[in-house]
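Asker: Supplied in structure tokens, the structure appears directly below.
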Amino acid sequence: MALIFMDGFDGYDDDADVANKWDHARTAEIELQSGGGAFGGDALRIHGTYGYSTPPLAKYINYRNGLGNDLFVTFWAKFNDTSGGVFMMGFGSSHSGQQRDNGRVAWNADKVTLYQNTGPAKATSVASISNGAWVHVSIRMRAGAGGVAEFEVYHDDVLMVDDTTNAYIYLLMGDTGMIHFGGTGTASTGGYWDIDDLVIYDDTGSTMNSHIGLHKIHTLRPTANGSVANNSTLNGGGSSNYEAVDDDPGADTATYLTTSTVGHIDTFEFDAMPEEPSEIFAVQSNIVMYEDATGTTPRTFAHKTVLSATEYDSDDQHTLPLDTYKARTASWEVNPDTAAEWTKSEIDAAEFGFEIKQ
């Protein structure tokens, strides 16, 4: 499975767009921070009350690797005041149709604390938390026999909490997993925290299989048509296919491409990456689509990349959602043309797009 989910929070136009990619996104309790991210891009502010049944922000991850596997969640966070507020990230599951919390990481009283379910604290950091500045958070968890887990929390590569004796998240390994964010602050009381560049992955990948340390997500949009541009119906957006899909982030319903032909392909070129990373862990393609009418056969599509004039499909194909715009993602952890870790020059030369499969 390797890379499970990531979000740089730079692909949204407003708060409502977040629900296109996340499974829970309560617009009354989240707020897109334009230009307020860890690296000058966008971030997401969370000021809603924590709760695993209706969290302000949550993602189902379908993590079923079982006992003995590591799951990692890493992101950038900025807490406005942990001396008075409580900020939480929960690891939940959907068991027999019921959502429940199996473990929590809490940032409060200027410390990091681990909780099992809704019970008492199991471990608390000695070092204090930084407030009002971006800090890199990395969490590793592993379920063992009988539900006994290992738990590590890093801040800026400094180990804050290391616990190997308590039971956490055992249901997460056997049911549909849910990772969610919240706190005790509300918009009226001023309690909030910002998150940016979030990545969720496990230990089965070739490049992402352990603590990756500090990281950054670059978000790029199409700047030109690629080598294949089959779709001829443009709805606004100028005279070229890329102009119909690159103008605004989020689910832009004013300009788009339309097709009903199986086998239609569109690929796009992108600007060069703005810097040379020391390591590239993965490339992810994000496409927003929908189907406007029910047919006898549901429409599906695959993400596609073109490398050295060769086309590669994503492993997963997606069914287009009916009458609603949703973001669908695919990840290439390594370059499919070389089966090796990506380089900047390879990404700069690559095309990414989609193909209608049925």
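Every number here is computed from the coordinates shown, using simple stated rules; none is lab data. Owing to the predicted nature of the structure, the values given are computational and were not obtained by experimental measurement. Virtual Cβ from ideal backbone geometry, glycine too; neighbours counted across all protein chains shown.
Asker: Applying 1/(1 + (r/R0)^6) with R0 = 22 Å to the Cβ-Cβ distance of ASP271 and SER240, what FRET efficiency is obtained, to the nearest 0.05?
Answerer: 0.90
Asker: For LYS344, give me every one of the aspartates and glutamates with a C-alpha distance below 15 angstrom, ignoring sequence neighbours fewer than eight places off in its own chain.
Answerer: Within the straight-line limit of under 15 Å, LYS344 reaches these aspartates and glutamates: GLU269, ASP271, GLU275, GLU276, GLU279, GLU333.
Asker: What does the charge dipole of the range 213-358 about its Cα centre add up to, to the nearest 20 debye, if the Cβ of each Lys and Arg holds +1 and the Cβ of each Asp and Glu holds -1?
Answerer: 400 debye
Asker: Which parts of the range 252-277 would a label at ASP348 reach, counting a residue when its backbone N lies under 13 Å from a point 7 Å out along Cα-to-Cβ?
Answerer: Only 270-277 fall inside the zone, counting backbone N under 13 Å.
Asker: Same structure again: Starting from 0.36 nm per residue, how many nanometres of slack lie between ASP316 and LYS216 once their C-alpha separation is accounted for?
Answerer: Once the chain is fully extended between ASP316 and LYS216, it gains 33.5 nm.
Asker: Which FRET efficiency, nearest 0.05, do PHE39 and VAL158 yield, Cβ-Cβ r, R0 30 Å?
Answerer: 0.90
Asker: Take every Cα pair under 8 Å in the range 222-356 that's 6+ residues apart, average their separations, divide by the length, and report that relative contact order as a whole percent.
Answerer: 29 percent
Asker: Pulled fully out, how much extra length does the chain show between VAL262 and SER308, if you take 0.36 nm times their separation in residues and subtract their Cα-Cα distance?
Answerer: So the extension gain works out to 14.1 nm.
Asker: Cα centroid distance between the range 323-358 and the range 204-225, in Å?
Answerer: 11 Å
Asker: Restricting the count to DSSP beta bridges whose residues both fall in the range 222-356, what percent are antiparallel, rounded to a multiple of 5?
Answerer: 95 percent
Asker: Would you mind computing, in nm to one decimal, how far apart the modelled labels at THR255 and SER206 are, each placed 7 Å from Cα along Cα→Cβ?
Answerer: That separation, rounded to one decimal, is 3.8 nm.
Asker: Between ASP323 and ALA293, what is the label-point separation in nm under the 7 Å Cα-to-beta-carbon projection?
Answerer: Between ALA293 and ASP323, the label points sit 1.4 nm apart.
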